[in-house]
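Engineer: Here you go, one structure.
The values are calculated or read from the model by the stated rules, or taken from the named source; none is laboratory data. Please read these numbers as outputs of a predicted model, since none were measured by experiment. All Cβ positions, even for glycine, are placed from backbone atoms using ideal geometry, and neighbour counts span all protein chains on display.
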Protein chains: 2
Amino acid sequence: MFEGKLRKLFTPHSVAVIGASENFEKLGYHVMKSLIKGGYKGAVYPVNPNSKTLWGKEAYSSVSNIKGQVDLAIIVVPTERVPKVLEECGKKQVNGAVIITAGYRETEKDEGKLLEDEIRRISERFEIPIIGPNTFGFVNITDCVNASFTYEFSLIKKGGVTLISQSGGFCHLIGFLAIEERVGMAKLMSLGNRVNIDFPEAVKYFLDEDRETRVIVLYIEGIDVPRRLFETIERAKNKKPIIAYKSGRNEKGDAASKFHTGSLAGNYRIWKGAFRQWGILEVQDSEDLIDTAKALDSCEPLMGSRIAVLSGQAGPGIIAADILEKEGLSLSKFSDQTQKKINEILPPLAIRTNPVDMGPAWHSPQRIISLLNVVSEDENTDGILFLNMFASANISLVSELEKTLRDNEPFKKPIIACLNAPSGVWDEEINKIDGEKGFCVIRTPERAARTMANLHRVSRMME
Amino acid sequence: MFEGKLRKLFTPHSVAVIGASENFEKLGYHVMKSLIKGGYKGAVYPVNPNSKTLWGKEAYSSVSNIKGQVDLAIIVVPTERVPKVLEECGKKQVNGAVIITAGYRETEKDEGKLLEDEIRRISERFEIPIIGPNTFGFVNITDCVNASFTYEFSLIKKGGVTLISQSGGFCHLIGFLAIEERVGMAKLMSLGNRVNIDFPEAVKYFLDEDRETRVIVLYIEGIDVPRRLFETIERAKNKKPIIAYKSGRNEKGDAASKFHTGSLAGNYRIWKGAFRQWGILEVQDSEDLIDTAKALDSCEPLMGSRIAVLSGQAGPGIIAADILEKEGLSLSKFSDQTQKKINEILPPLAIRTNPVDMGPAWHSPQRIISLLNVVSEDENTDGILFLNMFASANISLVSELEKTLRDNEPFKKPIIACLNAPSGVWDEEINKIDGEKGFCVIRTPERAARTMANLHRVSRMME
């Protein structure tokens, strides 16, 4: 529908902020801050008829007065003024718009609906792709384009996870969790009222055209015509893994999401079946979501369901084994050759069968890394859960791991690790290895095990 | 069994570290560091025949040479030397011992078993309560007694949660999560091989004698005589809430835990039934565990199952409502009076019924706090989930909340909050309000909702 225009919208060479401001109380302030402090490299044109300069830049009374081409217009003027401003954008031939302003269909008032209809008509006439209205915007982490009112999204690490959300609040939740847990993201966006960019358009773009996106995450409350989304996904089947979080699974939540985005959330069981049919992994928890997305972005697919648990302390290993079995994975039975090598590294004192208790080796990073190497070469093992709680005696473990990963080929199997330590102890080294070379760090043994199970599910779907 | 001695063991006026060292490679180094850097106020006697002074203190060649009374001996000498050292402790009339040294029953070797039998006989002869052998020790957070080889436990905030664990690794996991998530703890300990302090003895002490302990958490792999534990719990029924995490729930994990602690984990279904019968809340996830313990320590019981969801952004509110319904709680239906007051605070634009979308009020902390007040007085509401993702416009929300809680009586209902923000933004204010005056902060909307459900379950059990 918007051939070529979406790329310019998401990676603009120039941005006009219509409603730009230097007043902290205004969203136009925060949008300017996000762009500038977020490191945007292109031209920024603040538009505000009441100012000559804003943020040290020449301000324009209207988008029409800007001399150069405008790839993206971010609109934060009051509700009633948006149609007029959008028409000016059309005449100026802007390539796309983000309308942050709210007060339309979601108000369930005639006035709001009429204004939204007007916006839609103008966008059709000028063929302007629009994100919103009633959105926080989008953030292109890859290219440092923070087109939102929340600068802090720019703190997210660059990576391959793209979130397409029906809720701005959910984007904020996931964005902040991503910062804390080092999830690398490519783009995140909230669709808002979806006048002409809805899930199908966005999913198609990120599946087909956005190279940096390697994993797509959908947060869905309700869609009027779900079939269109599923047709889009089918056309691109198995190109990139897709994870979905469907909220409004119960009656009350359903009713709330109807108000929120003006769509019926619909019968959850139908959604569940559709996800299964179209090879979409469903998650029901925001932490499972970020964990799974991170693992899919950083690990090779899992070739089978046989998992080795290597644990620096027996307890967390037992915990992880419980979850693996509950999730339908199995504990691998090492080949005789592997077992022999393990027995050479660990004393008889230790549990040397799976789940392996590496306890007696914990003061020796070299022996622990040898165990990782040996098990990653085991023919009966498809993936490794590697669990180590910090204790003074193993303090150098993560820096040694970092050196190993820096200087060598990756281990031969996906490794999902849990490396708990008080803040500040291992952070620097974990930052360097997390998400690199098939090594992914997850916060608890249970979440690590569930992530392994999800990696396995998606690997099977993508086969 | 050890009348009065356990109190001296856990709150000693003097500690001998037998095997103390200044060599970082030795556990005796880390035990000394934990005590001294952990802020222990009593007398510390390093014992090591090869040194005159250690850590700036006079060192003793044997515990017998110490002039004053020794309340607690921490033993970190090699496996074979422990019986002799323990006998010296007996003669010196120490009140209790922590034996960190490993290499006994858990090795499944005759030699180890014989040595452990000897330790048991000596402890019986001199009536010395022993934590261990094969333990990381214990930490009394309340009184700054870090009798373990991990100094970092001393970074845990003081509070009412006590963990009695069958795994040192699990203590490290929970301890580090507690630091990150501001869970206030009283004590944590790993029982090790349990020569004479097993779950019943520890549970009895913390239920009956330790005033600072308000919530007891058990991590259980397997116990030889579970009946003794349940009898202890029955005698003290409903005195303090008890949470249990049972691992080794499946066959493989069970086998591993047998090796780890020398006990059969036993049939999980029997455990599950016993937990229900004795009013113990079972959890199966370490994050659910810390969340629930924190809420039980900081909130009043929930009088019913009717929950109000107040959310700054609709999406997270819908997510939380999904979980509440799944967990068997209900969304409260506000009284007419409450609804009227809410309608005065929020514009018609917003969803003003439960789950309430406070979106239009998000730039006004006063209106959000008014909503909290109004709903906490609603006769149809038993607890409140309060969800706010950070965005620039609501940056002052948490400092205003902090002022409100500082200057006023608590809100009239337990409030479980989710206040996500990038690191550094709200941390300082959250530190001040989290766990205070019935206000408890949990990391995600889903976990907050599950915590509310657990608070409800325990409140019903304790009735």
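Engineer: From the list A:PHE386, A:PHE390, which residue is away from chain B (no Cβ under 11 Å) and either surrounded by 19 or more Cβ atoms within 10 Å (Cβ to Cβ) or at positive phi (or both)?
Structural biologist: A:PHE386
Engineer: Moving on. All but one of (1) more than 14 Å from chain B (Cβ to nearest Cβ); (2) of a type outside the set (Lys, Arg); (3) within 30 Å of A:ALA274 (Cβ to Cβ) hold for A:ALA449; state the number of the condition that does not hold.
Structural biologist: The number of the failed condition is (1).
Engineer: State yes or no: is B:ASN431 farther than 20 Å from A:HIS172 by Cα and within 14 Å of chain A (Cβ to nearest Cβ)?
Structural biologist: Answer is yes for this residue.
Engineer: Of these, B:VAL283, B:VAL309, which one is of a type in the set (Val, Ile, Thr), touching a residue at least 12 places away in the same chain (Cβ under 8 Å) and buried (at least 24 other Cβ atoms within 10 Å of the Cβ)?
Structural biologist: Result: B:VAL309 is the single residue among B:VAL283, B:VAL309 that is of a type in the set (Val, Ile, Thr), touching a residue at least 12 places away in the same chain (Cβ under 8 Å) and buried (at least 24 other Cβ atoms within 10 Å of the Cβ).
Engineer: Just a yes or no: is a residue in segment B:36-48 over 31 Å from the mean Cα position of the chain (by Cα) and at pLDDT 95 or above?
Structural biologist: Scanning segment B:36-48 turns up at least one residue that is over 31 Å from the mean Cα position of the chain (by Cα) and at pLDDT 95 or above.
Engineer: What are the residues in segment A:205-216 that are crowded, with 18+ Cβ neighbours inside 10 Å and not acidic (Asp, Glu), if any? Step through it out loud before you land on a result.
Structural biologist: Taking segment A:205-216 as the starting set, the residues that turn out to be crowded, with 18+ Cβ neighbours inside 10 Å are A:205-207, A:210, A:212-216.
Within segment A:205-216, A:TYR205, A:PHE206, A:LEU207, A:THR213, A:ARG214, A:VAL215, A:ILE216 qualify.
Engineer: For segment B:289-304: of the residues being crowded, with 20+ Cβ neighbours inside 10 Å and not hydrophobic (A, V, I, L, M, F, W, C), which is farthest from the chain's Cα centre (by Cα)?
Structural biologist: If we filter segment B:289-304 for residues that are crowded, with 20+ Cβ neighbours inside 10 Å, which is where we start, we get B:289-299, B:302.
From what's left, not hydrophobic (A, V, I, L, M, F, W, C): B:291-292, B:294, B:297-298.
Values: B:ASP291: 10, B:THR292: 10, B:LYS294: 8, B:ASP297: 10, B:SER298: 13 Å.
Within segment B:289-304, the match that is farthest from the chain's Cα centre (by Cα) is B:SER298.
Engineer: May I pose another question? Can you pull out every residue in segment A:155-177 that is under 16 Å from A:GLY137 (Cβ atoms) and touching a Lys or Arg at 6+ places or on another chain (Cβ under 7 Å)?
Structural biologist: The one that is under 16 Å from A:GLY137 (Cβ atoms) and touching a Lys or Arg at 6+ places or on another chain (Cβ under 7 Å): A:THR162.
Engineer: Let me ask something additional. Please work out which residue is nearest to B:ARG81 (Cα to Cα), limiting yourself to segment B:14-36 and to residues that are assigned to a loop (DSSP other than H, G, I, E, B) and in contact (Cβ under 8 Å) with a residue 24 or more places away in the chain.
Structural biologist: Here is the first cut: in segment B:14-36, the residues assigned to a loop (DSSP other than H, G, I, E, B) are B:19-26.
So of that shortlist, the ones also in contact (Cβ under 8 Å) with a residue 24 or more places away in the chain come out as B:19-22, B:26.
On the way: B:GLY19: 10, B:ALA20: 14, B:SER21: 16, B:GLU22: 20, B:LYS26: 16 Å.
Only one residue tops the list, namely B:GLY19.
Engineer: Turning to a different aspect of this structure: Here is a check on your reading of the model: is B:GLY159 at the interface with chain A (Cβ under 9 Å from one of its Cβ atoms) and surrounded by 23 or more Cβ atoms within 10 Å (Cβ to Cβ)? Show your work before the answer.
Structural biologist: Working: at the interface with chain A (Cβ under 9 Å from one of its Cβ atoms): no; surrounded by 23 or more Cβ atoms within 10 Å (Cβ to Cβ): yes.
No, not satisfied.
Engineer: Residue by residue through segment B:121-150, note down the ones that are touching a Ser or Thr at 6+ places or on another chain (Cβ under 9 Å) and of a type in the set (Phe, Trp, Tyr).
Structural biologist: Selection gives B:PHE136, B:PHE138, B:PHE149.
Engineer: Name the pairs whose Cβ atoms lie under 6 Å apart, with the first residue in segment A:339-358 and within 14 Å of chain B (Cβ to nearest Cβ) and closer than 22 Å to A:LEU324 by Cα, the second part of a loop (DSSP other than H, G, I, E, B) and of a type outside the set (Val, Ile, Thr), and 6 or more positions between them or separate chains?
Structural biologist: What qualifies is A:ARG352/A:LEU346; A:ASN354/A:SER332; A:ASP357/A:ALA350; A:MET358/A:GLY312.
Engineer: What is the residue count in segment B:329-338 for residues that are away from chain A (no Cβ under 14 Å) and of a type in the set (Gly, Ala, Ser)?
Structural biologist: Result for segment B:329-338: 1.
Engineer: Next up: Among the residues of segment B:129-140, is any among the aromatic types (Phe, Trp, Tyr), more than 12 Å from chain A (Cβ to nearest Cβ) and on the phi < 0 side of the Ramachandran plot?
Structural biologist: Yes - at least one qualifying residue is present in segment B:129-140.
Engineer: Among (1) within 30 Å of A:LEU207 (Cα to Cα); (2) within 14 Å of another protein chain (Cβ to nearest Cβ); (3) surrounded by fewer than 23 Cβ atoms within 10 Å (Cβ to Cβ), there is one condition A:SER21 misses while meeting the rest; what is its number?
Structural biologist: It fails just one condition, (1).
Engineer: Any idea which residue in segment B:312-328 is farthest from the other protein chains (Cβ to nearest Cβ), counting only those that are in a loop (DSSP other than H, G, I, E, B) and either at pLDDT below 95 or surrounded by 24 or more Cβ atoms within 10 Å (Cβ to Cβ) (or both)?
Structural biologist: Within segment B:312-328, the match that is farthest from the other protein chains (Cβ to nearest Cβ) is B:GLY312.
Engineer: Follow-up question, since we're still on this one. Residue under question is B:GLU152, and the condition is that it be more than 14 Å from chain A (Cβ to nearest Cβ), among the charged types (D, E, K, R) and out of contact with any Cys (no Cβ under 7 Å at 6 or more places or on another chain); does it hold?
Structural biologist: no
Engineer: Next up: Test B:GLY222 against the criterion of being surrounded by 23 or more Cβ atoms within 10 Å (Cβ to Cβ), in contact with a Ser or Thr (Cβ under 8 Å, 6 or more places away or on another chain) and of a type in the set (Gly, Ala, Ser), and give yes or no.
Structural biologist: Spelling it out, it is not the case that B:GLY222 is surrounded by 23 or more Cβ atoms within 10 Å (Cβ to Cβ), in contact with a Ser or Thr (Cβ under 8 Å, 6 or more places away or on another chain) and of a type in the set (Gly, Ala, Ser).
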